[in-house]
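Below is one structure, written out as C-alpha cells; comments come after it.
The numbers here are math on the coordinates, done by the rules we state, and not lab data. Since this is a predicted model, take the numbers as computed values, not measurements. Methodologically, a virtual Cβ is constructed for each residue, glycine included, from the backbone with ideal geometry; neighbour enumeration extends over all protein chains shown.
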Amino acid sequence: MRKVVVKFGGTSVGDGQRIRLAANSVYEESKRGSQIVVVVSAMGHTTDEIIEVARVSTGGKLSAEELDDIMAMGERTSARIFSSALRSLGANSIYVDPSCEEWPIITNSNFGQADIDLAETEIRVKKYILPLLAKGVIPVVCGFLGVEKQGRITTIGRGGSDITAFVLGKCIKADEVIIVTDVEGVMSADPRKVEDAKLLREISVEELRDLARYGAQVMHPRAMNYKDPKIDAKVIHFRHGNLLAGGTTITGPKGEGMSVELYEKPLAMLTVVGEQMQLTPGVLAKAVGPLAEAKINIFGVAVGPRSFSIYVADRDARRGLKLLHEVVANNKIMKSVTVENNIAMITAESEKFIETPGMVAKLTEPLAREKINIIEILSSRATITFFVNWNDREHVVKLLKKVMEEVR
C-alpha cells in the first residue's frame with residue numbers, strides 16, 4: 001500500500017477555508033488507498049505573534065525551554081483543528097502532539113535548535129505511527145516540535161516542519177513526501193523580482209540546498225539532510241487542493257550531506273596582477289572570456305586587492321597562460337600573469353558549517369600542525385574549498401575527514 005507524508009506550511013493552513021481545502025485533499029488521497037501521515041505548521045503568522053506576546057509580557061526574561069513550550073502552541077492548535085476537519089469529512093484521524101503517547105519525534109535537550117535522535121524516533125514510529133496507518137487512521141503530527149528524553153518540549157529550529165516531514169518519511173519508508181506551500185514549486189528565479197520566472201519541473205537535493213542557502217524561501221536546507229534518496233518528494237501549491245497536482249520534483253541526494261571530496265586531477269593557478277584591477281569594471285570578464293571561448297573550464301576564482309587567480313585544469317595551464325598573456329599585454333590595468341602547477345582541490349561540505357562558529361579554524365588547524373601549506377581557501381555558507389600542493393592531497397583529505405567526523 002502506498003505511504004505518503006504530506007506537510008502543510010503555515011500559509012496553506014492560514015484560515016478555516018484553507019484548512020478545509022487541505023483536509024479534503026488528504027481525504028481524497030486516502031480514498032485512493034494511500035496511507036497518509038499529515039504534518040502541520042502553525043497557522044499563518046501564529047508563531048511570530050505568540051513569540052512577540054511572550055517576550056513583551058515577560059520583558060524578554062524567557063528561558064529557551066520556556067520559549068519552546070510556548071511556541072509549540074501554534075502547531076498543537078493546527079494539529080487539533082486539521083484532525084477535526086478530516087473527521088468532519090468522514091476520515092478516521094487523530095492529532096499527535098507532544099502530550100500524546102504516540103508522539104514520535106525524540107530530540108536532545110538543545111532547546112531552540114534541537115537535534116533529532118533518529119534511532120529513537122524510528123523506534124517510536126514503528127511502535128505507534130505504523131500501527132495507526134495499518135488501521136486506516138490518518139495521524140496529524142505537529143511539525144517543528146520534539147520531545148527530549150525527560151519529556152520536555154523542544155523545537156528543532158528553522159525549517160522544522162519540513163524536517164519533521166522528511167524524518168517521518170524516512171521512518172515509515174514512505175513512497176512520497178509532499179510539501180504543500182504557497183508557491184507552485186521551485187522557480188528559475190523569485191517571481192516577485194523577475195517577471196518571467198519559470199517553474200522547474202525537477203531539481204536535485206544538492207541544487208535545492210544551494211538555492212536555500214543563498215536566499216530562496218521554498219525550503220530550509222537543513223530539511224534536505226533528512227531526504228531519503230529512495231523516496232520521491234515534490235513541492236506543490238495549496239490552491240490546487242489536490243495532492244496529485246504538478247509542482248517541482250526533488251531528486252536525490254547523491255550522497256551524504258557531509259563530505260570531503262578530492263578532485264581527481266591536478267589543477268593550475270593562473271594569477272594576474274595589477275594595482276587598479278579591483279576598482280576597474282570588466283577586468284575579470286576580459287580575462288575569463290578568452291578562456292571560455294577556448295573551452296577551458298574554470299574551477300574557482302579568487303580576487304584580491306591587486307590580483308586575481310583563476311584555477312584551471314593543469315593540462316590547460318600552458319594554453320590558458322598564453323591566452324591570458326595576450327589579454328594582459330593589450331591592457332593598461334593588467335600588468336603581468338604567472339602560473340603555478342600541480343595544485344589539488346579538496347572540498348569540504350556540511351550544513352553544520354552555517355551554524356557552527358570557527359569551522360575554518362577547526363579545519364585548518366591540523367594542516368598547520370602538519371606544516372601543510374594552504375595555497376588558497378574559497379568558502380561559501382556550507383562549502384569550504386582548499387587548494388593545496390598536489391603531493392599533500394591524500395594527507396589533507398585524511399585530516400579534514402577526521403575533523404568532519406568530530407563535528408558530525
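Express in whole angstrom the spacing between the alpha-carbon centres of segment 21-83 and segment 288-349.
Cα centres, segment 21-83 to segment 288-349: 52 Å.
Restricting everything to alpha-carbon atoms, can you work out Rg to Rh for segment 170-235 with a Kirkwood hydrodynamic radius?
Rounded to two decimals, Rg/Rh equals 0.98.
Can you give the helix-only mean residue ellipticity at 222 nm for the chain, where every DSSP H stretch with n ≥ 4 adds -39500 (n - 2.57) and the sum goes over all residues, rounded to the nearest 500 deg cm²/dmol?
After summing the helix terms and dividing by residue count, I get -11000 deg cm²/dmol.
Within a 10 angstrom radius of the beta carbon, how do F308, F353 rank from fewest other beta carbons to most?
Least crowded to most crowded, the residues run F308, F353.
Using Cα-Cα distances under 8 Å and only pairs 6 or more residues apart, what relative contact order does the chain have, in percent?
Relative CO of the chain lands at 13 percent.
Just the Kirkwood number for segment 1-63, please: inverse of mean 1/r across all distinct Cα pairs, in Å, one decimal.
One decimal place: 13.6 Å for the Kirkwood radius.
Which is farthest toward the positive dipole end of the chain among P366, N341, T11, measuring Cα position about the Cα centre, with Cβ charges +1 (Lys, Arg) and -1 (Asp, Glu)?
N341
With unit charges on the beta carbons (Lys and Arg positive, Asp and Glu negative) and the dipole taken about the Cα centre of the chain, which residue among V147, M404, A285 sits farthest to the positive side?
A285
Could you give me the percent of Cα pairs per 10 Å distance bin for segment 1-154, shortest bin first, beginning at zero and ending with the bin that holds the maximum distance?
Cα pair-distance distribution for segment 1-154, in percent: 11, 39, 34, 14, 2, 0.
How many angstrom lie between the C-alpha centres of segment 100-163 and segment 222-243?
One Cα centre to the other: 18 Å.
Rounded to the nearest 0.05, what FRET efficiency do K371 and K265 have when you use their Cβ-Cβ distance and R0 = 30 Å?
For R0 = 30 Å, the calculated efficiency reads 0.75.
I need the phi-derived Karplus couplings for segment 18-31: 6.51 cos²θ - 1.76 cosθ + 1.60, θ = phi - 60°, integer Hz, Gly and Pro marked x.
Those phi angles translate into 5, 5, 4, 4, 5, 4, 5, 5, 5, 4, 5, 5, 5, 6 Hz.
Once you keep just the Cα pairs under 8 angstrom separated by 6 or more residues, what percentage relative contact order results for segment 259-407?
Dividing the mean separation by the residue count of segment 259-407 yields 29 percent.
Would you work out the charge dipole size for segment 3-251 about its Cα centre, treating the Cβ of every Lys and Arg as +1 and the Cβ of every Asp and Glu as -1, and quote it to the nearest 20 debye?
Taking the Cα centre of segment 3-251 as origin, the dipole is about 580 debye.
Check A114: other-chain or 5+ apart residues with amide H under 5 Å from its amide H, H built from backbone geometry?
Distant-sequence amide H within range of A114: T155, I156, G157.
What length, rounded to one decimal in nm, is gained on full extension from E207 through to D15, with 0.36 nm per residue of separation minus their alpha-carbon distance?
The E207-D15 span can extend by a further 65.9 nm.
Quick one: work out the % antiparallel among DSSP beta bridges in the chain, nearest 5.
If I count the DSSP bridges inside the chain, around 60 percent turn out antiparallel.
Report the local net charge at I153: Lys and Arg +1, Asp and Glu -1, summed over other residues whose C-beta lies under 13 Å from its C-beta.
The answer is -4.
Pop a pseudo-label 7 angstrom from the Cα along the beta-carbon direction at both N389 and V303 and give the gap in nm to one decimal.
3.1 nm
Considering amide H positions built from the backbone, and no H for Pro or chain starts, which residues 5 or more places from I36, or on another chain, come under 5 Å of its amide H?
V4
Over the residues of segment 325-400, compute the C-alpha Rg and express it relative to 2.2 N^0.38 Å.
For segment 325-400, the normalised Cα radius of gyration is 1.40.
Please compute the length gained on full extension between R87 and R152, using 0.36 nm multiplied by the number of residues separating them and subtracting their Cα-Cα distance.
Full extension of this stretch gives 20.5 nm more.
Can you work out D for segment 259-407 in µm² s⁻¹ from Stokes-Einstein, where Rh is the Kirkwood radius over C-alpha pairs, the temperature is 25 °C and the viscosity is 0.890 mPa s?
150 µm²/s
F308's amide H: which non-local residues (gap 5+, or another chain) put their own amide H closer than 5 Å, with H modeled 1.01 Å from N in plane and none for Pro or chain starts?
When sequence neighbours closer than 5 places are left aside, the close amide H contacts are V272.
Arrange S204, S99 by Cβ neighbour counts within 10 Å, fewest through most, would you?
S99, S204
Give the order of I81, I178, I116, I105 when sorted by the count of other beta carbons within 10 angstrom, beginning with the fewest.
So the ranking, lowest neighbour count to highest, is I81, I116, I178, I105.
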